[in-house]
Amino acid sequence: MVMKYEEMYGNWINEHLQQRAKTSERWRRLKEGHGHAESDFAKKIWLEAVEDFSYLHPEYEVCDYRDRSRFLDFAYIRPPYRICIEIDGYSWHNRNISRRQFSDDLFRQNDLIMDGWIMIRFSYDDVKDNPRLCQQYVQQLLGKLYGSNKSDPIMGHILPVQREILRFISRQTGNQICSPMQIATSLSLHPSTVRRNMKQLVSVGLLEGASATQAAYIRRYRLTVRGARLQLH
């Protein structure tokens, strides 16, 4: 599992690097500034809790109240919410910044809240020493914001990205048949992420193949009777 998470993390970072110009500050910060605290949170907290990087953006750029570029450690952007996640080291807050920088950091946080962001902060000590506590908080937060389906126990265990895939298919008119590429384009997800999660949804009986009988050759999917009965909206 450790090697799997290392590979998923590496692929995720590379995808975001490829989306940024090599001359940009965003590229440099992700290449050079995504340190141990951030990488540990991504692999040991986020992946353990959510098992997927969908909707999570590292070193996300925003404009502050003075119209300057600022960078969030992580941004989870999944409508209707935007969540800022910051990983703070104790020494950074107490020894390495001036009073002016400290005040500026507080105004930065206030400005994000004013702009509709949900602010979440973890200490690096908790990321290292209390990972299960952090994982549970992430799970509880996403569950509270995006809900769960009480009428079907399986819905309490599927991932947020899988819920979005089911919701997208359920909203299609006609025969409600979709291809992984269609979903990837519409939800701004990587095709391999969509295919992997759709296969998992097939395994729990919420999706079925609509174009072939063998799972390895499925090109299009549709909701099963059970999947169609879910309250996804």
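Bear in mind these aren't lab numbers, they're just calculated from the coordinates by the rules spelled out. Everything numeric here is computed off the predicted structure, so don't read it as measured data. As a convention, Cβ positions derive from the backbone with ideal geometry for all residues, glycine included, and neighbour counts pool all protein chains shown.
Worth a mention:
- J(HN,Hα) series, segment 21-28, from Karplus relation 6.51 cos²θ - 1.76 cosθ + 1.60, nearest Hz, glycine and proline x: 5, 5, 8, 8, 5, 4, 5, 5
- Taking amide hydrogens as placed 1.01 Å from N in the peptide plane, the amide H of H57 sits under 5 Å from those of A75, Y76, I77, each at least 5 positions away in sequence or on another chain.
- Residue-count net charge about L72 - beta-carbon cut-off 14 Å; Lys, Arg +1, Asp, Glu -1: -4
- Compared with the direct C-alpha span, the chain from F71 to I177 gains 34.2 nm at full extension, assuming 0.36 nm per residue.
- The mean of 1/r over all distinct Cα pairs in segment 2-146, once inverted, gives the Kirkwood hydrodynamic radius of 16.0 Å.
- Charge tally in the Cβ shell below 14 Å around S54, where Lys, Arg are +1 and Asp, Glu are -1, S54 excluded: +1
- Normalised radius of gyration (Cα atoms, divided by 2.2 N^0.38 Å) for segment 1-51: 1.19.
- Less than 5 angstrom separates the built amide H of E86 from those of I120, R121, F122, all sequence-distant by 5 or more or on a different chain.
- Local electrostatic count at Q172 - Lys and Arg +1, Asp and Glu -1, tallied over other residues with Cβ under 13 Å: +4
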